[in-house]
1. Of the conditions (1) assigned to a loop (DSSP other than H, G, I, E, B); (2) in contact with an Asp or Glu (Cβ under 6 Å, 6 or more places away or on another chain), Ala140 clears all except one; give me its number.
2. Report, by residue number, each residue of region 173-199 that is without any contact (Cβ under 8 Å) to a residue 40 or more places away in the chain and more than 22 Å from Gln223 (Cα to Cα).
3. Give the residues of region 140-160 that are among the polar types (S, T, N, Q) and surrounded by fewer than 16 Cβ atoms within 10 Å (Cβ to Cβ), sorted by residue number.
4. Please enumerate the residues belonging to region 26-78 that are assigned to a loop (DSSP other than H, G, I, E, B) and without any contact (Cβ under 8 Å) to a residue 60 or more places away in the chain.
5. Name the residues in region 85-103 that are touching a Lys or Arg at 6+ places or on another chain (Cβ under 7 Å) and farther than 22 Å from Val50 by Cα, would you?
6. Pull up region 130-139, narrow it to residues that are touching a residue at least 60 places away in the same chain (Cβ under 8 Å) and either hydroxyl-bearing (Ser, Thr, Tyr) or touching a Pro at 6+ places or on another chain (Cβ under 7 Å) (or both), then point me to the one that is surrounded by the fewest Cβ atoms within 10 Å (Cβ to Cβ).
7. Considering each residue of region 79-90, count those that are buried (at least 19 other Cβ atoms within 10 Å of the Cβ) and assigned to a helix (DSSP H, G or I), and give that number.
8. Would you pick out the residues in region 228-264 that are out of contact with any helix residue (DSSP H, G or I) (no Cβ under 8 Å at 6 or more places or on another chain), surrounded by fewer than 21 Cβ atoms within 10 Å (Cβ to Cβ) and within 20 Å of Asp80 (Cα to Cα)?
Amino acid sequence: MAIGPFLIGGDRLVWLAAFGVAVLAGIILARARRARLVDRLFALAFVGLVAARLVFVARYAALYAPHPLQILDLRDQGFDLWGGLAGAALYALVAGCRVPALRLPLAGALAAGGLSAGLGFWGLAALDTQPTHLTTIPLARPNQADISLAGLADAAPGKPMVVNLWASWCGPCRREMPMLARAQTQYPGVVFVFVNEDDSRAAMQRFLSDAGLKLKHQLIDTQHRLAETWAVRGYPTTLFFDGHGKRQARHTGLLSPATLAARLRGLTGS
């Protein structure tokens, strides 16, 4: 889902919906006690987001150091879940201690939000009909024979794979592409594949030439077969596969060096 310059994945929508449920439950529960809870819930969400961001930035401080302003660019979706939950829990504890009338409605609101989030993620998993492994769809390559993602994996057995679907007209794609091109040499144990979704090869080649970018595994999907298979709704979309070719993660929107490192840590464990 796209909102202005932001691409929001299904997991983010689940969190937003869960927060809405928590607010609704809080309003109902607080009414009987004549307590004002909504402001507290918004403050709790803000504290949780700030804590999640700060913990993530602290974990990957070395990658943010060259460009400190990237810390403020939340489009990379760099948040630490446990850091955010800890921050939110601490705020809830303090609020409950200061205003006893808030304890029950606050606990009920958080329970309703947590249950909604759990059901939402369960629903996402149940409705996910996309392939769980690398596809065998043949894709064109510049000056080479067609090949599939599974075929590329066979040529590099045991290596995790990152598949970036992009287009030359996509602003975030153009912004992250130099970083991903450098990642090819920074992470030699990972196969990076770039699948272009432009309607013509000329647009892709013109952008790469003007930017001076060299991509080792460059595939062309002018018919958008791969994008349709993975139900891509916006670009860039990046898929992460482990060494057995199984899909482990999907990132919708801009990647930063830090969020790329976090995703790769989940694949390689290092």
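Coordinate-derived values only; no laboratory data. As the structure is a computational prediction, the values presented were derived from the model and not from experiment. All Cβ positions, glycine included, derive from the backbone under ideal geometry; neighbour counts span all protein chains shown.
1. For Ala140, the exception is condition (1).
2. Filtering region 173-199 for residues without any contact (Cβ under 8 Å) to a residue 40 or more places away in the chain gives 174, 177-178, 181-182, 184-186, 188, 191-192, 194, 196-199.
Result: Pro178, Ala181, Arg182, Gln184, Thr185, Gln186, Pro188, Val191.
3. Going residue by residue through region 140-160, those that are among the polar types (S, T, N, Q) are 143-144, 148.
Asn143, Gln144 - these are the residues of region 140-160 that are among the polar types (S, T, N, Q) and surrounded by fewer than 16 Cβ atoms within 10 Å (Cβ to Cβ).
4. So the first thing to find is which residues in region 26-78 are assigned to a loop (DSSP other than H, G, I, E, B), and the list is 34-37, 60, 65-67, 73, 77-78.
Scanning region 26-78 gives Arg36, Ala65, Pro66, His67.
5. Filtering region 85-103 for residues touching a Lys or Arg at 6+ places or on another chain (Cβ under 7 Å) gives 95-96, 101-102.
Answer for region 85-103, where residues must be touching a Lys or Arg at 6+ places or on another chain (Cβ under 7 Å) and farther than 22 Å from Val50 by Cα: Ala101, Leu102.
6. Our first condition is that a residue be touching a residue at least 60 places away in the same chain (Cβ under 8 Å); within region 130-139, this holds for 130-135, 137, 139.
After this cut, where a residue has to be either hydroxyl-bearing (Ser, Thr, Tyr) or touching a Pro at 6+ places or on another chain (Cβ under 7 Å) (or both) as well, the list is 132, 135.
Numbers: Thr132: 11, Thr135: 17.
That would be Thr132.
7. Step one: list which residues in region 79-90 are buried (at least 19 other Cβ atoms within 10 Å of the Cβ), which gives 79-80, 83-84, 87-88.
Checking the rest, the ones that are also assigned to a helix (DSSP H, G or I) come to 83-84, 87-88.
Going through region 79-90 one residue at a time, the tally reaches 4.
8. Scanning region 228-264 gives Arg250, Arg263, Leu264.
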